[in-house]
Structures are given as C-alpha cells and as structure tokens.
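The values are calculated or read from the model by the stated rules, or taken from the named source; none is laboratory data. All values derive from a computational prediction rather than experimental measurement. Backbone-built Cβ (ideal geometry, glycine too); neighbour counts: all protein chains shown.
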Amino acid sequence: MTKLRATIVATVMAVALVGGQAPAFAGGSPDNIVEVRNTKDGAFKAKSRAVVTHAPGGTVGNNNVATAWATCVGCRTTAAAVQVVIIEGSYSTFDPGNLAAAINDNCDTCETFAFARQHFFDVGHPVPIGNRAEDQIDDINDQMAQVIRSRDDFPTMVTELDALTQALIDVVRGEIDRSGSHQGEDDHRDVQEH
C-alpha cells in the first residue's frame, strides 16, 4: 500500500467513525484530486477530470484521487479522476498514488461510485502537446463528464471510463511517438462502488 493510500484510508476511516466532514484533499500540479460530497436527500452530484501532467524527473510522486462521499437518503454520488503522466527526466524515486474511494456515511438507498486511473509514460525527454492533441483531450474530458453524470449502472460506467482513458492514453502516445521514443509504461487502476 502506498503512503498516499494508507494516509487517505486512515483519514477516511477516522472521519467515518466520528461522522465528521469528508477529507479535504489538496490538489494542484502534479496531482489530480476530484472530490464530490453529497449531503442532500435525493440529489445527484458528479464530477470528473482527466489531465496530462509532465514530471521533470527526480521524484515521481504524482497523486490521482477520486472520492465520492455521500451522507444522504436516496442520493447518487459519482467521481472520476484520470491522470496521464509523462516522465521527462531520469528519476530516483517512483512513489505515485492512485485511489478511488466511494463512501456511504449513514446513507439509506444511496449509490456511490469512484473511478481512478493513472498511466505513466517513461520518456526521458520533454514532450510538447500540440493544439490538435489538446482539443482531443478537452473532448475526452467532456465525454468523461457525460459518463460520470449519466444514470448508467456502474459496470457500464467502468467500461466507458476505461475506453475514454485508453483514448486519452492513445492521444498522448501519439504526441510522444512524434517527439521520439519512450522507454516504458505503467498503469494503475482503482474502482469502488457502493
């Protein structure tokens, strides 16, 4: 278990035990943090984000977290975080974190779903992302938002989110192939539903 996962799990468990607020995750580069909190009976809340991040090397410690937290009756709460990381320099430490947490806190007839997927390209040199690729990434983000806001069952959503993540990976792979070769890839995936 990574340090991020252990910290988040411990925090989530502590908050759930005392019935307090959902943990506030600090976002920003190089992290992708998507948090949805639903406290209104019958409400549907959803949020997603797909990002491409450049890691210069040294320590690769990118965190990708999707948290869906529900404290309500008959509500639906969904979150998705997808991160593609391009490692552009040599690194001595590889310690990323990828976590999906779907939490029903005293919920009655709630549906809670979280999807987190993180993909790494070990490139070793800078990779520019062109305008066409940026437009494709924006389009994938829009499609992901439609999926996460849908009323589809969770297995269908997982299939669609995996397909969109693969489309994002393919866009980035195309940009990397145009800029030169890469050394390897690594993929991390976590899904929770209640």
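Might you check whether a residue that is in a helix (DSSP H, G or I) and in contact with a helix residue (DSSP H, G or I) (Cβ under 7 Å, 6 or more places away or on another chain) occurs anywhere in segment 123-135?
There is at least one residue in segment 123-135 that is in a helix (DSSP H, G or I) and in contact with a helix residue (DSSP H, G or I) (Cβ under 7 Å, 6 or more places away or on another chain).
Restricting the search to segment 183-194, which residues are in contact with a helix residue (DSSP H, G or I) (Cβ under 9 Å, 6 or more places away or on another chain) and either among the acidic types (Asp, Glu) or surrounded by fewer than 19 Cβ atoms within 10 Å (Cβ to Cβ) (or both)?
Those that are in contact with a helix residue (DSSP H, G or I) (Cβ under 9 Å, 6 or more places away or on another chain) and either among the acidic types (Asp, Glu) or surrounded by fewer than 19 Cβ atoms within 10 Å (Cβ to Cβ) (or both): 185, 187, 189, 190, 193.
Conditions tested, residue by residue: (1) modelled with pLDDT under 95; (2) over 20 Å from residue 38 (Cα atoms).
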position: 99; (1), (2): no, no
position: 122; (1), (2): yes, yes
position: 155; (1), (2): no, yes
position: 159; (1), (2): no, yes
position: 162; (1), (2): no, yes
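Scan 165, 156 and give me the residue that is part of a helix (DSSP H, G or I) and surrounded by 15 or more Cβ atoms within 10 Å (Cβ to Cβ).
165
Under 6 Å between Cβ atoms, which residue pairs at least 6 apart in sequence (or on different chains) link something in segment 91-114 that is within 26 Å of residue 75 (Cα to Cα) with a partner that is acidic (Asp, Glu) and at pLDDT below 90?
Between residues of segment 91-114 that are within 26 Å of residue 75 (Cα to Cα) and residues that are acidic (Asp, Glu) and at pLDDT below 90, the close pairs are 98/190; 99/190; 100/190; 102/193; 113/193.
For segment 102-143, which residues satisfy the criterion of being closer than 17 Å to residue 62 by Cα and of a type in the set (Gly, Ala, Ser)?
116, 124, listed by residue number.
For segment 54-71, which positions are surrounded by fewer than 24 Cβ atoms within 10 Å (Cβ to Cβ), touching a Ser or Thr at 6+ places or on another chain (Cβ under 8 Å) and not polar (S, T, N, Q)?
Residues satisfying the conditions are 57, 58, 60, 61.
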